[in-house]
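Visitor: Questions regarding the structure given below will be posed in turn.
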Amino acid sequence: MSPSPARCWRALVEHDPRFDGAFVVAVRTTGIYCRPVCPARRPKRENCEFYPGSADAELAGYRACLRCRPGGAPGRAPVDAVARLAAAAAATIGTADGTLEQVARSLGVSGRHLRRAVRARLGLTPVAIRGARRLLRARRLLGDPALTVTQVAHASGFGSVRRFNEAFRARFGRTPRAFRQQKGRPA
């Protein structure tokens, strides 16, 4: 079941990714149909027709947009490249030990482009993502009483215990030692 024309128009105006694949919009004046997330200029409302899929739009005589590639698999068009890069970077940043420049090279982009794409898509910088992942790993490791705080700091990716303590206190409001002591008690 396809959404109502009013809902389709609202999704087109907002470039809502939730509706990507739910319908396509065909523009009478150009003879082209697009995905609702296409970055092309928004057409006038009176020139739009909404179809549940690419096949329906093509049967009506429209051709696919060359920017968003609505006939292909969702997420594989050139328009989705930033989203794919940001997802790959978020997964790699959490597991890789190298610098962010090395992560960018492994993904085939420059460091600047990686920072811009991640910031635009996720709202965080790669450095912030790496720091958050390190702190979450440290919090999980603090549950193991066999590890010292120094071992936890190094195992979670921090180069110095002082920086680990500062970052942990800034994020969780207490030192790692205090966190470990209070973990067994009810809050």
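Please treat every number below as a calculation from the coordinates, not as lab data. The structure presented is a predicted model; accordingly, all values stated were derived computationally and were not measured. Note that we place each Cβ from the backbone using ideal geometry, even for glycine, and neighbour counts take in every protein chain shown.
Visitor: Take the stretch 22-44 and flag every residue that is out of contact with any Asp or Glu (no Cβ under 8 Å at 6 or more places or on another chain), surrounded by 12 or more Cβ atoms within 10 Å (Cβ to Cβ), within 14 Å of CYS65 (Cα to Cα) and small (Gly, Ala, Ser).
Guide: ALA40
Visitor: Can you find a residue that is without any contact (Cβ under 8 Å) to a residue 40 or more places away in the chain, closer than 25 Å to ALA89 by Cα, outside any helix (DSSP H, G or I) and not basic (Lys, Arg) anywhere in the stretch 163-173?
Guide: no
Visitor: Going by the structure shown, is ALA22 touching a helix residue (DSSP H, G or I) at 6+ places or on another chain (Cβ under 9 Å) and small (Gly, Ala, Ser)?
Guide: Yes, satisfied.
Visitor: Can ARG121 be described as in a helix (DSSP H, G or I), free of Cβ contacts under 8 Å to residues at least 24 places away in the same chain and among the charged types (D, E, K, R)? Full working, then the answer.
Guide: Numbers: in a helix (DSSP H, G or I): yes; free of Cβ contacts under 8 Å to residues at least 24 places away in the same chain: no; among the charged types (D, E, K, R): yes.
So ARG121 does not fit the description; no.
Visitor: Taking GLU14 as the residue in question, decide whether it is under 27 Å from the mean Cα position of the chain (by Cα) and acidic (Asp, Glu).
Guide: For GLU14, the condition - under 27 Å from the mean Cα position of the chain (by Cα) and acidic (Asp, Glu) - is met.
Visitor: Quick one: in the stretch 45-68, which of the residues that are assigned to a loop (DSSP other than H, G, I, E, B) and within 30 Å of the chain's Cα centre (by Cα) is surrounded by the fewest Cβ atoms within 10 Å (Cβ to Cβ)? Even if it seems obvious, please write down each step before you answer.
Guide: Initially, the stretch 45-68 is screened for residues assigned to a loop (DSSP other than H, G, I, E, B), giving 52-53, 60-62, 65-68.
Retained after the next criterion (residues that are within 30 Å of the chain's Cα centre (by Cα)): 52-53, 65-68.
Details: PRO52: 13, GLY53: 16, CYS65: 22, LEU66: 11, ARG67: 15, CYS68: 23.
Step by step, filter the stretch 45-68, then rank; the result is LEU66.
Visitor: Check off (1) β-branched (Val, Ile, Thr); (2) outside any helix (DSSP H, G or I); (3) surrounded by fewer than 13 Cβ atoms within 10 Å (Cβ to Cβ) for VAL127 and give me the number that stays unchecked.
Guide: (2)
Visitor: PHE158 - would you say it is surrounded by 16 or more Cβ atoms within 10 Å (Cβ to Cβ) and more than 22 Å from the chain's Cα centre (by Cα)?
Guide: On the way: surrounded by 16 or more Cβ atoms within 10 Å (Cβ to Cβ): yes; more than 22 Å from the chain's Cα centre (by Cα): yes.
So PHE158 passes the test.
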